[in-house]
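Enquirer: Encoded as structure tokens, here's the structure I'll be asking about.
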Amino acid sequence: MKLYSTNNPNSFVDLKEAVLKGLPDDNGLFMPTSIPTLPDGFISDIKQRTLPEIAFEVCKNLFDGYIVEADLSTIVENAINFPAPLVPLSKDINVLELFHGPSMAFKDFGARFMGQLMGYFNKGESQELNILVATSGDTGGAVAAGFLDAPGINVTILYPSGKVSDIQEKQLTTLGKNITALEIDGTFDDCQRMVKQAFLDKDLCSQMRLASANSINIARLIPQTFYYFEAYKQLEDHTLPIVFSIPSGNFGNLTAGVFAHKMGLPVQQFLAATNINDIIPKYLDTGIYSPKSSTETISNAMDVGDPSNYKRLVDIFKQEGSTWNNMKELLTGYSYTDEATIEGIKEVYSKYGYVIDPHAAIGYLALQKYLKSHEANGIILETAHYAKFKPTMDKALDFEAPVPERLAALSDKEKIAHSMSNSFDEFKTFLLAK
Ligand SMILES: *Cc1c(COP(=O)(O)O)cnc(C)c1O
């Protein structure tokens with residue numbers, strides 16, 4: 001398997017280099033040179049496969065012999081060890097629950113797979129590997145859990161002070177061991193900028209081995225394709241066109257869906273559902289991409305003002321003709337305010353008796369709107385368990401939705417984080433002192 005940079009289609013790296021580096025030197029993003037269609041019969045026989053078996057087949061096809069099958073099978077089985085059930089709400093609305101992993105968010109898929117893959121590639125190295133990750137909420141907890149105790153690997157997590165929920169903060173600040181949390185006085189975009197700058201810094205790169213764990217790492221994206229197939233498998237009715245509604249921030253999840261589509265998954269449309277940080281819906285509307293600083297909302301994992309995977313989407317859709325037109329054929333954008341989000345949570349509960357989190361509530365609103373003018377079978381990605389956003393849930397519902405034991409236990413644990421300004425120099429000094 002070979003990968004290139006979106007900024008330079010003529011320089012190639014192998015999977016190991018792409019995973020360990022995270023970002024190419026030219027500030028682009030890694031993309032596989034080919035995303036091959038899965039073999040005939042894979043889709044028609046999919047009901048006979050378990051989720052880890054689907055994951056194995058997808059990787060085998062994409063990696064093309066790069067990792068021997070026995071090792072690949074171990075990586076997949078260790079990483080994908082929790083289910084992704086599809087819950088029907090009505091005849092054309094389904095919820096794909098992606099929160100059954102350790103941190104109760106979809107990012108567990110990416111983080112665990114990347115942890116396994118990096119551990120595999122790092123075997124036999126003498127110098128420690130330092131993972132840097134910026135989080136707007138859920139990435140931190142997932143990466144912390146996915147890399148805890150990984151031999152030879154240290155993880156540093158940057159999160160915006162006061163902008164993640166209490167539970168999210170506990171998930172990334174209470175594990176200790178090889179996991180360090182930095183509480184940044186700034187926004188998620190500041191955190192992301194600091195991490196990006198670290199990878200371009202000559203002093204840091206010459207003195208330590210750095211790797212990224214954000215959704216920009218291709219190892220995060222690949223496992224996110226698995227559950228699109230898993231969702232398809234669980235659908236009862238395959239006669240209507242299939243639509244995925246994807247609550248989006250950095251657009252890793254949606255990009256993974258487009259990968260699955262390229263591999264042969266029959267999908268009619270992907271709904272790019274955002275909060276008022278509506279850079280991609282605006283782009284789909286106007287053809288103009290205008291990033292800006294992010295605005296805080298109650299669906300805070302999607303508060304992104306310059307979605308990093310936009311570059312990958314452009315790269316995929318630029319193949320022939322107008323990028324914008326090609327993208328509009330497969331993607332439709334929707335955005336919603338916090339008030340609408342709260343109404344969405346209320347409506348899903350009153351109509352279907354299902355407690356949906358604020359992010360997927362936006363996915364629900366987008367799907368509802370789409371279904372008003374299209375006949376389709378819709379799947380909403382439920383990206384995190386609602387209990388991670390308790391204050392919002394309490395505001396939306398007139399009862400207290402139960403908190404799973406695993407999350408409730410976190411409140412007794414002690415937070416350990418280093419406070420830091422949003423200056424890159426301070427971050428650099430901290431890293432060099434380690
Ligand atoms: C990260 C996250 C998102 C956004 O996913 P992207 O792949 O960055 O678009 C949506 N919902 C929740 C709960 C998340 O944690």
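The values are calculated or read from the model by the stated rules, or taken from the named source; none is laboratory data. From a predicted model like this one, the values you see are computed outputs, not experimental measurements. Positions of Cβ are backbone-derived with ideal geometry, glycine not excepted, and every protein chain shown enters the neighbour counts. Ligands, DNA and RNA are excluded from the accessible area calculation, which covers all protein heavy atoms including side chains. Shrake-Rupley method; radii C 1.70, N 1.55, O 1.52, S 1.80 Å.
Enquirer: Please compute the volume of the convex hull spanned by the alpha-carbon atoms of the chain and report it per residue in Å³.
Expert: In the chain, the Cα hull volume divided by residue count equals 136 Å³.
Enquirer: Give the dimensionless ratio obtained when the Cα radius of gyration of region 285-434 is divided by 2.2 N^0.38 Å. Show your work: numbers first, answer last.
Expert: Details: Rg = 19.8 Å, N = 150, 2.2 N^0.38 = 14.8 Å.
Rounded to two decimals, the normalised Rg is 1.34.
Enquirer: Right, another one. Where Lys and Arg each count +1 and Asp and Glu each count -1, what net charge lies around Leu432 among other residues with Cβ under 15 Å from its Cβ?
Expert: Its environment carries a net charge of -1.
Enquirer: Could you pull the Rg and Dmax for region 222-299, using just the Cα atoms, both in Å?
Expert: Radius of gyration, then largest Cα-Cα span, for region 222-299: 14.2, 42 Å.
Enquirer: Sticking with this one: Report the FRET efficiency, 1/(1 + (r/R0)^6), for Arg49 and Ser423, where r is their Cβ-Cβ distance and R0 is 51 Å, rounded to 0.05. Before the final figure, lay out the partial values.
Expert: Numbers: r = 50 Å, r/R0 = 0.97.
Rounded to the nearest 0.05, the efficiency is 0.55.
Enquirer: Related question: Semi-axes of the equivalent ellipsoid of region 189-251: what are they in whole Å, largest first, if each equals the square root of 5 times a C-alpha gyration tensor eigenvalue? Each step should come with its number before you reach the end.
Expert: Working: eigenvalues 290, 35, 7 Å².
Gyration-tensor ellipsoid for region 189-251: 38, 13, 6 Å.
Enquirer: While we're on this one: Quick one: of Lys390/Lys428; Lys346/Lys388; Lys16/Lys47, which pairs are farther than 25 Å apart, Cα to Cα?
Expert: Working: Lys390/Lys428 35 Å; Lys346/Lys388 17 Å; Lys16/Lys47 32 Å.
From the list (Lys390/Lys428; Lys346/Lys388; Lys16/Lys47), the Cα-Cα distance tops 25 Å for Lys390/Lys428; Lys16/Lys47.
Enquirer: Using a 1.4 angstrom probe on the protein heavy atoms only, could you order Glu347, Glu97 from most to least accessible area?
Expert: Working: Glu347 60, Glu97 25 Å².
Sorted descending by solvent-accessible area, the residues read Glu347, Glu97.
Enquirer: Which one of Asn300, Ala417, Gln207 is farthest out on the positive end of the charge dipole of the chain, using unit charges on Cβ (Lys, Arg +1; Asp, Glu -1) and the Cα centre as origin?
Expert: Result: Gln207, furthest along the dipole toward the positive end.
Enquirer: Grab the Cα-Cα distance for Arg406 and Asn7, subtract it from 0.36 nm times how many residues apart they are, and report the gain in nm with one decimal.
Expert: 139.4 nm
Enquirer: Related question: For the chain, what is the charge dipole size about the Cα centre, in debye to the nearest 20, if Lys and Arg each add +1 at the Cβ and Asp and Glu each add -1 at the Cβ?
Expert: Values: 38 positive and 53 negative charges, 86 e Å.
Using only the charged Cβ atoms, the result is roughly 420 debye.
Enquirer: Here's a follow-up. Net charge near Gly162: determine it from the other residues with C-beta under 12 Å of the C-beta of Gly162, scoring Lys and Arg +1 and Asp and Glu -1. Working shown, then result.
Expert: Values: positive: Lys163; negative: Asp166, Glu169, Glu183, Asp185, Glu296.
In short, -4.
Enquirer: Given the chain, what percent of its DSSP beta bridges are antiparallel, to the nearest 5? Please report the intermediate quantities before stating the final value.
Expert: Details: 11 of 50 bridges.
Counting DSSP beta bridges with both partners in the chain, the antiparallel share is about 20 percent.
Enquirer: Now for a different question. In region 97-249, what is the count of Lys pairs whose alpha carbons are under 29 Å apart, counting only pairs at least 8 residues apart or on separate chains?
Expert: 14
Enquirer: Okay, moving on. Dipole of region 160-259, Cα-centred, from +1 at each Lys and Arg C-beta and -1 at each Asp and Glu C-beta, to the nearest 20 debye? Could the numbers behind the result be given before it?
Expert: Numbers: 9 positive and 11 negative charges, 72 e Å.
Roughly 340 debye for region 160-259.
Enquirer: With Rg and the Kirkwood Rh both taken from Cα atoms, where does Rg over Rh land for region 1-145?
Expert: Values: Rg = 16.9 Å, Rh = 17.2 Å.
That ratio is 0.98, to two decimals.
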